[in-house]
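What follows is calculated from the coordinates using simple rules that are stated; it is not laboratory data. The model shown is predicted, which means the values in this text are computed figures rather than measured ones. When we count neighbours, we look across all protein chains shown, and the Cβ atoms used for this are built from the backbone with ideal geometry, even at glycine.
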Protein chains: 2
Amino acid sequence: MVLGGSLVEVESLEYVELQGWIRTNRCSGKLGFIELNDGTYFRNAQLVYDHQLAMFDTIAKYPTGAAVSVTGKLKRTPEGKQPFEIIVAEMQLEGDCDRDYPLQKKRHSFEYMREIAHLRPRANSFYAIYRLRSILSMAIHEFFQNQGFVYVHTPIITGNDGEGAGEMFCATTRSDDHYEEDFFGKQAFLTVTGQLHVEAFAMAFRDVYTFGPAFRAENSHTSRHASEFWMIEPEIAFADLDDDMELIEDMIKYCIDYVLENAPEEMKFFEKMIDKDCIRRISEVRDSEFKRMTYSEAIALLQKADVKFENRDIYWGMDLNAEHERYLCEQVVKGPVFLTDYPKEIKAFYMRVNDDQKTVAACDLLVPGVGELVGGSQREERYDVLNARMDEMGMGKESLQWYMDLRRYGGCKHAGFGLGFDRFLMYLTGMQNIRDVQPFPRTPNNLLF
Amino acid sequence: MVLGGSLVEVESLEYVELQGWIRTNRCSGKLGFIELNDGTYFRNAQLVYDHQLAMFDTIAKYPTGAAVSVTGKLKRTPEGKQPFEIIVAEMQLEGDCDRDYPLQKKRHSFEYMREIAHLRPRANSFYAIYRLRSILSMAIHEFFQNQGFVYVHTPIITGNDGEGAGEMFCATTRSDDHYEEDFFGKQAFLTVTGQLHVEAFAMAFRDVYTFGPAFRAENSHTSRHASEFWMIEPEIAFADLDDDMELIEDMIKYCIDYVLENAPEEMKFFEKMIDKDCIRRISEVRDSEFKRMTYSEAIALLQKADVKFENRDIYWGMDLNAEHERYLCEQVVKGPVFLTDYPKEIKAFYMRVNDDQKTVAACDLLVPGVGELVGGSQREERYDVLNARMDEMGMGKESLQWYMDLRRYGGCKHAGFGLGFDRFLMYLTGMQNIRDVQPFPRTPNNLLF
């Protein structure tokens, strides 16, 4: 029997077998109760052991954290907190737990838990978040595969230093800068995006996606930045910015539906313990029509807004802050909104220049509660325009000639987007720190485990 | 309409719309034929265009590789090579193709294709392998998720230099060895395995798996080694080596079934063009009972074998070569076989020491055609034994104290295995070089793109 399975299946059995870890063990002298978690289900099973058992005194001493196997009688308890309990017949210690086990019953701060990242998956909040992480990953794969998208493992190690998104780690086998003698015969980096590589595959398979790790060597100490994180980057050919926004909307809604359906216990936990609003918030997004607004319209609205922003210097050409983004979706639109057609100066080199020559066919999805959740764009498919943009931005083109050449060989219009997986998880659950949704987070000066 | 969809769905339409890339365009003067691939299906659609079309001469000049959109009449051709053709009504150039396009009709060597990795997904062999790669990835996820396994994103950047499997890349933002002033305040590496980290999660969720990139900075120039590759590493708690071998067998069979069912066109292509034996070979494995044999039995069999091995120095304690492994599964067992209980000296520090104190509870799955496909083991769950093993091997223990501590806090018996995803793909298809199954392969002195 596993708790994640169906209770109905085991009901006909007189005895059940279970393995798991003791969450609590309390004993009143004649009767003992163990909360046992078997790893397959968010909730614990209650084990009841009686003083008539020969090993009663032994069982009473099993500590929190210990691994045990148990045989017992399943007893339905429809009036109780649990739908059933298990009356212990036999029990065996599978792995003892030292008395300095940090996860005793009392609560710990999330900060402290980061120092015991090897143990924290056993604590409720993390137990819930990591299972949700797994379920959400599957939602992503199912969404794309069901529509025939091809999953591409874009490379982690890259020779392109101009991928256009922040500082990069170097991957090396040397302890100096003689990169011409390095492992690859030149300097190698950890990727900041799979987009450029996956575009090559969109020109063969039409609809493709990556889902893998990406890296930023930025000295950021915010709750939303990690040096290593997972990204989802779809790319669609014969598609423009409108198609891109439709795909984003479909994906977000699919994923919300999926987690509400497949992780109801976990989502109830987050609603109760982390963010009272999370289920309502994401359900509303799922049921909303995503609105669209140009960046220029947004600037005009912000300029006449009767709100005391921290940054009140609103002008066309600025990068919006989270407070502006949240005002737009929370106060103006009262729901999810795509901002489109940003000034080209504040966006990446590969975004398609609009006919006005000032803006690019980019979109950011803003959602209530956090602001920007997804960034996408139609890509510049015109070789000459791309070439001029790269010159304008002073980019070295040698290592990206292959990327530019995609435009010379049947390069049709195409679009795509990037979704930070960890941030999406934060958004769905209300978890406030990216360090608490990743298994073993990596941030500046922090490389435990 | 997309070719990967159902023909039945579009049959009722008078006109269909299609976008794709021209594979060939030949024109006889009065009638032209275009083989068009739309990215969604292995086979091409045949477009027929007639000289009565106003743009006949224009279409006739569309080159191989160009992206086009087309509107036309669907015509069933049950006697023809294709089940249907499309009689062109309108056609538009979506992306021209320069005349130096390397993928003209003539065949290129795989070696040459590696130099145009950004274009090769459009060539048949690669088009087939990359779609299969995507489908096989999904098979892996479905296999584990259907059984309630939790997917864990183990970290790529690690502080553990003793993960026990080969040379490592360093991840740094410096160009010297002052690692104490480096980004993480100490030396950081690219992971060679997610196993150690995922064990921590098995102690919370019972059944878990990783599926992500791993790295080896080994100066190997063989056809089976890449510096970056994807690995699948499941870990199961309350499980021993027998459970582990059952899981391996189930997974391999599930994946074979999955690709035969979901990629029949691609598998037929591999059978026809790459390895005449591949479908028969993997079907037999799927239908076989995987046998089991101890390493000691294998040594005895090899010693009395009447075969001229290249390496004929067979003794207990040696590492087996591929020729020995292939002899055992191809000649002796005539099917898949698990070799178990290897000498501890030739296996990793975390494998569980058997009662004989000489061997460990490890298993390698050997399959006809390649030899070793999967390596697994029961893990050493006894703190003292693990500690002694690490001392014996002279391992630094400081950075792995957290891993050892898992044994002090409810660390029950557990087991797991590692499967190299790229090699599995080679095995299924008969592709001979790992560089030809990865999107953008990384090997020593090779970092194009």
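When each of A:Trp230, A:Trp402, B:Trp21 is scored by the number of other beta-carbon atoms lying within 10 Å, the sequence from fewest to most is A:Trp402, A:Trp230, B:Trp21.
With θ taken as phi - 60° and the Karplus curve 6.51 cos²θ - 1.76 cosθ + 1.60 applied, the whole-hertz 3J(HN,Hα) list for region B:135-150 is 5, 5, 4, 5, 4, 4, 4, 5, 4, 6, 5, 4, 9, x, 5, 9 Hz, x standing for glycine and proline. Applying 1/(1 + (r/R0)^6) with R0 = 45 Å to the Cβ-Cβ distance of B:Arg26 and A:Asn433 gives a FRET efficiency near 0.15. For B:Lys186, the lysines whose Cα comes closer than 30 Å to its Cα, not counting residues fewer than 8 places off in the same chain, are A:Lys186, B:Lys347, B:Lys397.
Beta-bridge orientation, the protein assembly as shown: approximately 90 percent antiparallel, per DSSP, counting only bridges with both partners inside. Within 10 Å of the Cβ of each residue in A:397-410, the mean number of Cβ atoms contributed by other protein chains is 5. Once each part is reduced to its C-alpha centroid, what is the distance from region B:141-162 to region A:260-305 in angstrom? Their Cα centres are 29 Å away from one another.
Given region B:1-143, report the % of alpha carbon pairs whose separation exceeds 19 Å. Distances greater than 19 Å cover 56 percent of the Cα pairs. Under a 5 Å amide H cut-off, with hydrogens placed 1.01 Å from N, A:Met231 pairs with A:Gly212, A:Ala214, A:Phe421 among residues at least 5 apart or on other chains. Summarising the amide proton neighbourhood of A:Glu372: residues at separation of 5 or more, or on other chains, whose placed amide H is nearer than 5 Å comprise A:Val367.
Close amide H partners of A:Ser223, meaning residues 5 or more places away or on another chain with modelled amide H under 5 Å apart, do not exist here.
3J(HN,Hα) along region B:278-295: 5, 5, 4, 4, 6, 5, 5, 4, 4, 8, 8, 8, 6, 7, 10, 8, 6, 4 Hz, from the Karplus curve 6.51 cos²θ - 1.76 cosθ + 1.60 with θ = phi - 60°, whole Hz, x for Gly and Pro.
Bridgeable lysines around A:Lys106 (alpha carbons under 26 Å apart, same-chain partners fewer than 8 residues away excluded): A:Lys30, A:Lys61, A:Lys81, A:Lys268, A:Lys272, A:Lys276.
Over all other residues within a Cβ to Cβ distance under 12 Å of B:Thr71, the charged ones net out to -2, with Lys and Arg as +1 and Asp and Glu as -1.
So for B:Thr340, A:Thr429, B:Thr71, fewest C-beta neighbours within 10 Å to most, what's the order?
B:Thr71, B:Thr340, A:Thr429
Charging the Cβ of each Asp and Glu at -1 and of each Lys and Arg at +1, and nothing else, the dipole of region B:281-343 about its Cα centre rounds to 140 debye. Ranking of B:Thr40, A:Thr172 by neighbouring Cβ atoms within 10 Å, starting from the fewest: B:Thr40, A:Thr172. Put the Cα centre of region A:170-203 next to the Cα centre of region A:13-56 and the gap is 53 Å. Computed over region B:369-449, the convex hull of the alpha-carbon atoms projects to a mean area of 8.6 nm². Pair-distance distribution of the protein assembly as shown: all C-alpha pairs, bin width 10 Å, starting at 0; shares per bin in whole percent are 2, 11, 20, 24, 21, 14, 7, 2, 0, 0. In nm, give the distance between the simple-model label positions of B:Thr294 and B:Arg43, each being 7 Å from the Cα along the Cα-to-Cβ direction. Result: 5.4 nm between the two label points.
For region B:191-196, putting each phi into the Karplus relation 6.51 cos²θ - 1.76 cosθ + 1.60 with θ = phi - 60° gives couplings of 4, 9, 6, x, 4, 4 Hz, in residue order, rounded to whole numbers and with x for Gly and Pro.
A Förster distance of 22 Å, applied to the separation of the beta-carbon atoms of A:Gln303 and A:Arg382, puts the FRET efficiency at 0.10.
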